[in-house]
Amino acid sequence: MILRGVEIDHWRCIGSLRLSDLPDGVVVLHGPNRTGKSSLVKAVRACLFDYDHNSKDKEIVRSVPRRGGGSPRVAVEFETKGVRYRITKVFSARVDGSAVLERRDAGGWTVLVKDPKEASREARKLAGAESSDVGLQQLLWLAQGDVKLPEARKTDALLEQRLMEVLGVLVTNRDARFKEKLDKNCEKWYTAQRGAAAKHSPVTQLTKLRDERKAAFDAGEREYREVEAVVAAQQQAEDQIPDLERHTRDAEAEVEALRAERTRTTARRQQFAEAERGAGAATQARDAAAKRLEQWRGRRSRWQEAERKSAELEIRREQRAEELSRRRQQLVAATEALDAARQAVDALQDERTELETRRRLAALAVEEAAADEALRKAVEAQAAATASEQRAAGLHAPDEKALADLHAKRGDRERLRAQLDAAALVLRLTRDADPHAPPFDLGVDDDPPAPADLAPGATLEQAIRRGFHLIIHGVGVIELCRGRDDRDLDRVARDLDRLDKELALALRSFGEEPDDPAAWNRLTERRFALLEAQRRLEADRKTLKAALPAGGLPALEAKRRTLGQERDALLAEHPALAATPGDTSAADLAARDADWKRRGAQAAAARKLAETTEAEARAAVESAADIMQKLDVEHAAVRAQQQSFREELDGLGDETTLAGDAVRAEERALAAAAALEAARLTEAERTVEQRAADADGALERRRQRLSEVRGELARLRGRLEGSEGLHTRRADAEAALAEVEDQLARETLEAEAHRRLRELFEQCREKQVSQVVDPIHDRVMQWATRLGLGDYQRLHFADGFFPTALLAATGATEAGADAPPQYHEVALSDESFGTEEQLGLLVRLALGGVLAASEPAVALFDDPLAHSDVQKHRRLLDVLAQAAAGTPTARPPAGPLQILILTCHPERFDHLASAKSYDLGALIQRESAAVV
Amino acid sequence: MPTFVHAADLHLGLRVTRFAPDMAQKVREARFQALERVIERAVERRADFLLIAGDLFDDHAVDAAVARRAYALLHDARLPTYVLPGNHDPLLSGSVWDRPPWDRASPKVTVLRSAAPVDVADGVVLLPCPVKRKTSLDDPTLWLAGCDQTNGADAAGATRGQGAEGRPAAVRIAVAHGSLKIRDDLPLDDHLIDRQAVERGRLDYLALGHWHSRSLHPDRDGVPRTAYSGVHEPMRYQGSGDVRTGWSPYTVGAHGGGVRAEFLDSGSGQALFVSIAAPGAAPVVEPLDVGVLNWIQEAVDLSTPEDVQRLVAELKARPEKFNTLLRLRLTGTVDAEAMMQLDELRNVLSGRYLLGELDATGLRLAPTADEVREVTGQGILRRVLEELRKESLDDDLKKRSVAERAVLVLYQLAREVGS
């Protein structure tokens, strides 16, 4: 549809408007505020779409001029599919209301529909929508400030249907409802935010229950295995018992047989035991006699050894005693030498003290002289500074700034005076030489006329600022005055007078007369004298500051007193130095110091040598004494041991007796051995007791083992009895486990199915949106780049045909060059108002273009791009021109748009050469009366 | 003429692990009801005694309640009962036989604890072969060859129907529990019984337990003297190759894995009524139906919603649903409409049958084009459905299961949100 003309009468503020033959492309309708631009838009909307002729809607009621010349009449001429139509409506609920649809033929306008309601319906049908805010109009007819794009869920169904027909299906309402339902169902298993397993999920609960039942099942299985082991053990035990019983019986028979054999061999074994005891006693007696003899001989040997060792220790003691005595004498001599060396060092120390005192006294004398000199200089500097200060104070002269001000004022005065002189008229009056010439009175400027005392032939020159009165007696009055008041000259005169007074007052304050031309030179000389005096004073003060320490003159005096007190104290301590001060020159002191150091070094070396010698002698004495003490202890111990061995020997008896006892014991032992050999037993007689004992032990062990197996059998039986009901418990536990595992499997399958469904929905949604909106996206981004909106690389479309956000590359390249680029998202509403408006307009033009591929469409923008800067506005004009022309070769093709722009800034669209412009201000006849 | 009822493998306290606990309890309860029917039939037929050839209990560690209830049933019966321990309830110290009330002697209920003849009636001697272990390489009937019915001494030279050393003949009935060695691939530890045990023991009848289906085995003369009674109550879905209740036979086939055919019951619970006219006479064996539950497994191929409706109607019309455990396995390819109707099928199975299990894993969903358009529209859901249908053909079973379930969820939700 293309709008070709509009006629309006009595509509709001519009008295009359005729727009005809509106062209294709861009049409700019301009006029200042309150011209009626928005009223024009409302009239077109109302006539073409929104209201029947007799509507009583507030919008229509408000559009009737209160005191207008008739009912509102609006006619809209439009072209669709190459045919022109005109709908004309007179909005009135009264009899004059009407609506007529006409078609333009070769012969002019032909009425198509007379019935008003039918005419309205037919017009809407031809225009392609039921109201002005649905279908293409929702996309392309923008009211003032209409910047935001429609929300996905608020897109008109008709518009969405047309977009789907051209671009393809996006996310349908069914899809959206499905997703909503699916998400809600998924909340049963998953968290809403991250899709993780929810705590309340039946899968989680069943998993927990499954684990519990599995634990119960495992416990039952463990018990079952234990019971099975018990059964196996029981069977093993039962298998063992017959063998064990047989073995026990065998052992009992063997024990009985051995008992009989033992009875039979009792006498033989008793005889042998007697012989064995006799042989044993004889052997013991022989061994005891030999041992006593050996013991005596050993003791004697050890006593002899102690004797030898004691004698040897005695000799060593005597040698060590002599050495100790010699060491002690050496220690006494070393101690005496050390005392002498220490006394020599002490004497040198006294000498050193006296030398240091002399050195200090000499230094004090120098410091006292320096202090006196500094005191004198400080007093002199203080006196000089005081004198300079008094001299400077006596000089009365302007300072540098005051003198500069005076000169500046003097300059100003001269400039003003010159200005006044230059502006003034000069009255030059020459009296005739005739003495009878009539007198005259002269009044200059504001002065009253006064007789002029002018000698005949003389000439009077008088500067005139405003004018003068010259009264020539007997002749008349000559009056000269300027044409108007010269207020500037008055101001200059006043300023000049003021400066004269200020300068006079200033000069007099320095004792100078204003009229004295030399006064200015004197002032300058006095200024220089004052500067000199101040400089001198500053130098004296510096000298004084340098001469005085931090505490001033009192500090100098105090220091001087301190030096004197120190000197007096030293002399009081060393009165001999006061009596014989001696030579205290530096050279003398240095010579004495060097001599003292040489002798001091010698004395110190001697003392150190003496100390070393004394220490070594002392250590030698201590060592010798220690050895001596150890020898004494060792000797005493050997003596005690010797005594002990002697006493033991005496107790054991004599060697001869002991040797005889040993020979006799040996003889008795040999006789007992022979008797034992004669009574020796056979192997069977010898082992019968042991074999009987072993058989008893074996019998006992077998009985024990049999008892243990029977006990174990009883225990196992008890354990098996305790397993009553285990079979059912196991079965129930396994059934319960199987039941919950089935439930868990079903629930898991349900959860997995929902999750997979949600994943696939998201994936398919991404693909679908991308496939459908990519052409629009590319077109918008191309225009946006041309506009200079280069900060963003992509638009994000959520579920609708309108983008919701902008995507800017993050610049992250860690994943490598082949990785897909990463973006961060900026909501359209977060961008600037201007950018949002521009992008919104681009999207509308792109979508409008594809919808206009088969039939041109009208875009109606009321005051668009109000927030765009000049540069972007200019670039947008190119986009508007391109959108208006359409791009039939694009995929999908874009058809032409008729873009009607209503604006109060026509100059902003001047660069749109192809646009046709209408001055609504000139075309609209305004209603004479105020509108409601 | 001695008559008796031969039953075996009652497996009271059956281990059932593949059902929910309440259903498992119903299955166990049915085995007691079947035992009551055995007793009733025996009394009706005026049997001299009831002979249980092993595995009265499913385990030696069954509940005290199970043990006491079984004892009470048998003790209160109007005929004596002889119970042989089997491989599931072997004669172990401390087992169910050593616990009250089974540990006390009773003239009404006799536990055959030892391999020694028992006189059960005039001229009728019972030769028990009790089992003392779950598995054994020994033939439990081995002792019968040298057993005189009075003292077990060597009876060499005696023949069936004639007593040794001139003593009057008696009807010799042996009872044992194990696998009759009728083929070579039986496991060696399964208490194998010599195929010629009847001849070696000069038996008139060898009552066997262990195998779950009824079978009669003729002797050399072609007289069926060896018999397995089979279970008194079925314990598996007929039509399936396994037990599926969680029950374990303790032994496996020679090649391992699975349950041997001998342990698959025939689907009907039975006992045998046996009458022997005289020593050496051929026994007359009659089966008695005593089973309670019907175990049915079926596979149904579906292709249209009408198939589902027909199946629902047919299932509703079946008799004895309250005693039937039905496992229904669905196969085929159906549209979404049919898939949605499975809920009704589930309702019938769960509401009208004792137990109804529906296995629809073999059913494939193939929605029609109209269904796809109606349910998914032209938007994203259509793409999602296409992706899921691809995934439902994946080789990965888990991925395929998830995809198939997701398709159903998609349909369900899409229908809920409408167009």
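Anisotropy class assigned to the stretch A:1-140 is rounded, per the alpha carbon gyration tensor with a/c under the 1.5 cut-off. Taking every alpha-carbon pair within chain B, the share separated by more than 37 Å comes to 37 percent. The ellipsoid that matches the Cα gyration tensor of the stretch B:20-105 has semi-axes, each √(5λ) in whole angstrom, of 21, 18, 11, with the longest given first.
Between helix B:305-317 and chain B there is an angle of about 30 degrees, using the helix long axis and the longest principal axis of the Cα atoms. Normalised by 2.2 N^0.38 Å, with N the number of residues, the alpha-carbon radius of gyration of the stretch A:197-329 equals 3.14. Between the stretch A:484-563 and the stretch A:96-110, the C-alpha centres lie 103 angstrom from each other. Among DSSP beta bridges whose residues both lie in chain B, state the antiparallel percentage, nearest 5. Here the share of antiparallel DSSP bridges comes out near 25 percent. Note on the stretch A:482-563: percent of Cα-Cα distances in each 5 Å bin, starting at 0 and stopping at the bin with the largest distance, equals 3, 11, 10, 10, 9, 8, 8, 7, 7, 6, 6, 4, 3, 2, 2, 2, 1, 0, 0, 0. Three principal axis extents of the stretch A:537-677 based on alpha-carbon atoms, in descending order, are 150, 42, 25 Å. Neighbour counts of C-beta atoms inside 10 Å place A:CYS47, A:CYS186 in the sequence A:CYS186, A:CYS47, starting with the fewest.
Using only side-chain charges placed at the Cβ, +1 for Lys and Arg and -1 for Asp and Glu, the dipole size of chain B relative to its Cα centre rounds to 540 debye.
Let me make sure I get this right: for the protein assembly as shown, a, b and c are the square roots of the gyration tensor eigenvalues over alpha carbons, sorted descending. Under 1.5 in a/c it's rounded, otherwise prolate if a/b > b/c, else oblate. Which is it? Because a/c hits 1.5 or more and a/b fails to exceed b/c, the protein assembly as shown counts as oblate. Where the alpha-carbon atoms of the stretch A:745-874 are placed on the principal axes, they occupy 65, 42, 26 Å, in descending order. Note on the stretch A:209-276: the alpha carbon radius of gyration divided by the globular reference 2.2 N^0.38 Å gives 2.57. Partner shielding of A:168-179 amounts to 6, given as the average count of beta-carbon atoms from other chains within 10 Å of each residue beta-carbon.
Where both bridge residues fall in the protein assembly as shown, DSSP classifies roughly 55% of the beta bridges as antiparallel.
Computed from backbone phi with θ = phi - 60° and the Karplus coefficients 6.51, -1.76 and 1.60, the 3J(HN,Hα) list for the stretch B:345-350 is 4, 4, 4, 5, 4, 7 Hz; x is used for glycine and proline.
The tail of the calculated P(r) for the stretch A:837-932, taken as Cα-Cα distances beyond 20 Å, holds 43 percent of the pairs. The mean number of partner chain beta-carbon atoms within 10 angstrom of a residue's beta-carbon across peptide B:350-356 is 0. Here the Kirkwood formula puts the hydrodynamic radius of the stretch A:303-377 at 19.0 Å, using every distinct Cα pair.
Computed from backbone phi with θ = phi - 60° and the Karplus coefficients 6.51, -1.76 and 1.60, the 3J(HN,Hα) list for the stretch B:197-206 is 4, 4, 5, 5, x, 6, 8, 8, 7, 10 Hz; x is used for glycine and proline.
For chain B, set up a GNM with springs between Cα atoms under 10 Å and report which of B:ASP370, B:ASP307, B:ASP89 has the largest fluctuation. Sorting by GNM fluctuation, first place goes to B:ASP370. Tell me whether the stretch B:1-155 comes out rounded, prolate or oblate; compute the Cα gyration tensor, take square roots of the eigenvalues as a ≥ b ≥ c, and use a/c under 1.5 as the rounded threshold. Oblate, because a/c is 1.5 or more while a/b does not exceed b/c.
Within chain A, the whole DSSP H helices whose Cα atoms reach 18 Å or more along their own axis and whose mean Kyte-Doolittle score is at least 0.5 are A:833-851. With coordinates expressed along the principal axes, the C-alpha atoms belonging to the stretch A:455-602 extend over 137, 33, 25 Å, beginning with the largest. The H on the amide N of A:GLY5, modeled in the peptide plane, is under 5 Å from the matching H of A:LEU22, A:GLU77, each at least 5 residues off or on a different chain. The residue among A:ALA260, A:THR430, A:VAL780 whose Cα reaches farthest toward the positive pole of the charge dipole of the protein assembly as shown, with charges on the beta-carbon of Lys, Arg, Asp and Glu, is A:VAL780.
Taking every DSSP helix (H) stretch of at least 4 residues in chain A, weighting each as -39,500 (n - 2.57) and dividing the sum by the residue count yields a mean residue ellipticity at 222 nm of -22500 deg cm²/dmol. Residues whose amide H comes within less than 5 Å of that of B:VAL171, counting only those at least five positions distant or on another chain, are B:VAL124, B:VAL125 (H built at 1.01 Å from N in the peptide plane).
Per-residue shielding of A:743-751, expressed as the average number of other chain Cβ atoms within 10 Å of the residue Cβ, stands at 2.
Ordered by the count of other Cβ atoms within 10 Å of each Cβ, fewest first, B:SER95, B:SER179 give B:SER179, B:SER95.
Ignoring the sites themselves, chain A has its longest run without GluC sites (Glu not before Pro) in a DSSP loop having at most 16 other Cβ atoms within 10 Å at A:188-813. Free of any trypsin sites (Lys or Arg not before Pro) that DSSP assigns to a loop and that have at most 13 other C-beta atoms within 10 Å, the longest stretch within chain A is A:200-481. Estimated from helices alone, the mean residue ellipticity of chain B at 222 nm is -8000 deg cm²/dmol (sum of -39500 (n - 2.57) over DSSP H runs with n ≥ 4, per residue).
Scanning residues 5 or more positions from B:ALA207 or on other chains, those with amide H under 5 Å from its amide H are B:ALA174, B:VAL175, B:ALA176, with H placed 1.01 Å from N in the peptide plane.
Among B:VAL27, B:VAL125, B:VAL175, the largest mean-square fluctuation in a Gaussian network model of chain B, built with springs joining Cα atoms closer than 10 Å, belongs to B:VAL125. For the residues B:PRO90, B:PRO287, B:PRO218, a GNM of chain B with alpha-carbon springs under 10 Å puts the largest fluctuation on B:PRO218.
Shown for A:ILE901, A:ILE478: other C-beta atoms within 10 Å of each C-beta, ranked fewest to most, produce the order A:ILE478, A:ILE901.
Where a number appears in this text, it was derived from the coordinates with a stated rule and is not lab data. No experiment lies behind these values; they were computed from the predicted model shown. Virtual Cβ from ideal backbone geometry, glycine too; neighbours counted across all protein chains shown.
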